[in-house]
1. For K44, give me every one of the aspartates and glutamates with a C-alpha distance below 18 angstrom, ignoring sequence neighbours fewer than eight places off in its own chain.
2. Do me a favour and compute the ellipsoid semi-axes for region 4-56 from its Cα gyration tensor, root of five times each eigenvalue, largest one first, whole Å.
3. With +1 on the Cβ of every Lys and Arg and -1 on the Cβ of every Asp and Glu, and nothing else charged, how large is the dipole of region 4-56 about its Cα centre, in debye rounded to the nearest 20?
Amino acid sequence: MERWLSVDEIAQHLGVKRDTIYKWIDRNDLPAHKVGRLWKFKVKEVDKWVRADRGPRTLSDQNTIN
C-alpha cells in the first residue's frame, strides 16, 4: 500500500517550497487529496504529473508568451 505524503514531504520530494505546493493546489495543477483539513499526496500520481510535463516549471517558463 502506497504511503500518503504531507505538504512538507511532497515539497521536499519535488525540491520546491511549501508555498509553491499550495499555489499548484489552488490552480488545480498538482494532484492532491484533501483528508480532513490536510492535503495529502500519492508519490506515483505526483511523479506521473511531473513526467507528463505538467510539473515544476521555472519562473521563465511561466512568463513565456506563446
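1. Within the straight-line limit of under 18 Å, K44 reaches these aspartates and glutamates: E2, D8, E9, D29, D53.
2. Over the Cα atoms of region 4-56, the ellipsoid semi-axes are 15, 12, 11 Å.
3. It works out to roughly 140 debye.
The numbers here are math on the coordinates, done by the rules we state, and not lab data. In this text the structure is predicted, and so the values were computed from the model without any measurement. When we count neighbours, we look across all protein chains shown, and the Cβ atoms used for this are built from the backbone with ideal geometry, even at glycine.
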